[in-house]
1. With N set to the residue count of segment 110-197, report its C-alpha Rg divided by 2.2 N^0.38 Å to two decimal places.
2. Using Cα pairs closer than 8 Å and at least 6 residues apart in sequence, work out the relative contact order for the chain, in percent.
3. Quote the relative contact order of segment 479-534 in percent (integer), defining contacts as alpha-carbon pairs under 8 Å separated by 6+ residues.
4. How large is ³J(HN,Hα) for each residue in segment 299-311, as worked out from phi by the Karplus curve 6.51 cos²θ - 1.76 cosθ + 1.60 (θ = phi - 60°), to whole Hz, x for Gly and Pro?
5. Calculate, in whole percent, how much of the Cα-Cα pair population of segment 277-406 lies beyond 25 Å.
6. Per q in 0.20, 0.21 Å⁻¹, report the Debye log10 I(q)/I(0) for segment 408-481, using one uniform scatterer on each alpha carbon and no solvent.
7. Post the alpha-carbon centroid distance, segment 147-198 to segment 224-286, in whole angstrom.
8. May I ask you to derive the relative contact order of segment 149-308, considering only C-alpha pairs under 8 Å and at least 6 residues apart, and to give it as an integer percent?
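Throughout, read-outs are computed from the coordinates displayed, never taken from laboratory work. Predicted model, so just to flag it, every value in this text is computed and none were measured. Here Cβ is always computed from backbone atoms with ideal geometry, including for glycine, and neighbour counts include all displayed protein chains.
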Amino acid sequence: MSLLRTLPMVLLVASVVNASPSPSFFIRTNQLGFRPDDLKSAVILSHQDLSGGRFEIVRAGENAAVFNGGIGRTRGSYGKFEYQYRVEFSMFEDPGIYVVRVLGEASCPFTINEAVYDRVVDSLMLFFRVQRCGSAGALLHGPCHPHDITGLITGGIVHRKMIGASGGWHDAGDYVKFLNTTAYTTYTLLFAYEFDPKVFSFDHDGNGVPDVLDEATVGLEWLLKLRLGDQTLITQVQDLRDHDQGWRLPENDELSDDRPGFTGMGKNLIGILSATMALAYRLRVNDLHDHTFAERCLTLAENLYSVRKSVPDLDSSGSGMYRDKGYTGKMALGAVELYLATGRAAYLSDARKYAMAAGSDFWWSWGDINSYAHYRLASLDTKFGSYVKKNLLASNDLSHSHPFGESATGTWGSCNAMLGAALQAALWKRLTGQSVFDTLAARQRDYVLGCNPWGVSFISGIGVNPAAHFHSQVAYLNGGYLPGGLAAGPVTASVLRQYSIKVERPDPYQEFQTEESVYRDDRMDYVTNEPTIAAAATAVFVMGCQSSRGRSHVTN
């Protein structure tokens, strides 16, 4: 949610990157690739009529086709292109590196391999190390912000008071930290591990703890510091002055000794925070090193939940950032996680009540997570699965209406929303054993990894044409390097115009922009090109379910 609006800009000469050297058509596909039994497809945008023609699958570096099929009839126009087609090659399963070829022109290369998704999960996990605040082994920058918090903001009034709240993660491309997004991120990492511990048991640092739980502990340790009293939480660290300081590494932040914390409380915050802490207790997170840690988590969850009736429905901090629209879905999640942690029937009764009030939310973000609660309850009472299904049916309708199969309309955080549809498809498959939403999930995955109008993989370093100019200070000051960074994703042109962003680079993708969908690979674009911890957590779950580690039955 960074702005960084007032910085000087340098005009750079941009090189146009297209998946095909031909100006008449462009072939877009998942640039990472597919497992052998995956659904596989590509989309062609064309100025010429290719109807009735043929496409080929060709091994990279060779000439002979190893698979071919018909292009079929055009499915209509797209933006400046009169024709668009989708070609399918799911039946081709031979491992290797390939391209899609049409009339001698080739797509970006992609891999078919059982383990093709393993490395993208590893990369996404590194992103959290880049985002670490404090001194907990950060990547690409030094120890930073040791004095959080230097004052408390209550009702717009600043009270000078030092609070030991260092740690956690910077939220995005800036150095602000939030309870809401940190709790969502931490919950999702914990949820991923519990959902499929075989898949998420990788331990690259060899300390005996799965990496996903190590990283979740960073979030948990910070969240435990945010309770000030029975009815007061720290909801945000640092204010909008952070965005006016210029591009700097966090250890060089001139505001390091002036980082206030906003205070507030709301049922929405109680819901997500108690859910996260109750799940941490059930997983006995950090038990290897601290046998009291899990008990502290449960105590916080129960204490917070106990005051829910005497606090506002929504966060009252007044910071103006990451504001929830409702609270019932998060309260349902908190209640059901407390039930699973303690077995107390009162929690389950509350969870049912809140979950029915919440209903389906038809989106996915840090704030729209009703399906987590409905999934938990559906394992106890199948009727709650209907809410998850309603979300997925709405996403499916949107996917069918878009040439590239995306399930999210063009508003802020579209990549997270698309991957959220894939996440919910995995939940549904686990609940029912049904594969009805496999195609929906595959389309979202493929869109994020390059099967989109611009032919850009939105995950840094993945594919031959990944996003390269993220709105991230750490990335910019490390030569653009940002392992696991996930761009926010496209929005409508009207949404982007609201922010009047002065971009730095000429747009190499101008030919593919439409009023319905715009993406800019520019470091000044904090709307479509900023990475966040929340979106990265969603991606960890989705890409993890695609990995070869454990080969869970939830994969496509």
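1. Working: Rg = 17.1 Å, N = 88, 2.2 N^0.38 = 12.1 Å.
Expressed relative to 2.2 N^0.38 Å, the Cα Rg reads 1.42.
2. Working: 1285 pairs, mean separation 97.9, N = 556.
18 percent.
3. Details: 68 pairs, mean separation 26.8, N = 56.
Once normalised by length, the contact order is 48 percent.
4. Karplus-based 3J(HN,Hα) across segment 299-311 equals 4, 4, 4, 5, 5, 4, 4, 5, 9, 4, 6, 10, 10 Hz.
5. Numbers: 2990 of 8385 pairs.
For segment 277-406, the fraction of Cα-Cα distances above 25 Å is 36 percent.
6. Here the Debye-derived log intensity ratios amount to -0.89, -0.94.
7. 3
8. Values: 242 pairs, mean separation 42.3, N = 160.
Taking the mean separation of contacting Cα pairs over the length of segment 149-308, I get 26 percent.
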